[in-house]
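Everything on this sheet refers to the single structure shown next.
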Amino acid sequence: FSAEAVRDAITNKVTSLPVALRRSLTWDQGLEMRRHAEITIAADLPIYFCDPHSPWQRGSNENTNGLLRQYLPKATDLSVHSAADLDAIADKLNGRPRKTLDFRTPAEHLDRLLSDDQLAGVATTE
């Protein structure tokens, strides 16, 4: 994918999230992020880069990459997959319980974060 395509895709996805969930993005040293400054401006999203050869600085990302390899082996040509195909894979991964989330799914965790009470920072009396 081109740097422009990555910029557009990240900007479109990130700006669909509430501002409270857009804290930062950490990336490796790939050329696809040449337009990172434009993403930062368009999405109000600071972007940080890991040191070369330091995958432990992106632990969650490395784990997710391993899970993605179950569906898309390394060097897979993503252009042969539709957005719907990739969304279906994301839905499967986001529906898998994770130990780091107390065995909740990422989708459940995001729903909780997106709840009005969480975004507003308001405690309920329920």
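The values are calculated or read from the model by the stated rules, or taken from the named source; none is laboratory data. Just so you know, these numbers come straight off a predicted model, no measurement behind them. As a convention, Cβ positions derive from the backbone with ideal geometry for all residues, glycine included, and neighbour counts pool all protein chains shown. Please note that ligands, DNA and RNA were not included when accessible areas were found on the heavy atoms of the full protein model with its side chains. Shrake-Rupley method; radii C 1.70, N 1.55, O 1.52, S 1.80 Å.
Yes or no, residue by residue, for (1) of a type in the set (Ser, Thr, Tyr); (2) within 28 Å of LEU114 (Cα to Cα); (3) over 12 Å from the mean Cα position of the chain (by Cα):
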position: VAL19; (1), (2), (3): no, yes, yes
position: THR26; (1), (2), (3): yes, yes, no
position: GLN29; (1), (2), (3): no, no, yes
position: ARG34; (1), (2), (3): no, no, yes
position: ALA42; (1), (2), (3): no, yes, yes
Completion exercise
Within region 28-44, the residues that are farther than 14 Å from ALA9 by Cα and open to solvent by less than 60 Å² (accessible area, probe 1.4 Å) are ASP28, GLY30, ALA37
Problem - Meets criteria (of a type in the set (A, V, I, L, M, F, W, C) and farther than 23 Å from LEU113 by Cβ) for ALA3 - result: yes
Completion exercise
Taking region 56-90 and the residues there that are part of a helix (DSSP H, G or I), touching a residue at least 12 places away in the same chain (Cβ under 8 Å) and not polar (S, T, N, Q), the one that is nearest to LEU25 (Cα to Cα) would be ARG58
Problem - Qualifying residue in region 77-89 (condition: touching a helix residue (DSSP H, G or I) at 6+ places or on another chain (Cβ under 6 Å) and not acidic (Asp, Glu)) - result: no
Practice task
Would you be able to say whether some residue in region 16-25 is of a type outside the set (Val, Ile, Thr) and farther than 26 Å from LYS99 by Cα?
Solution key: yes
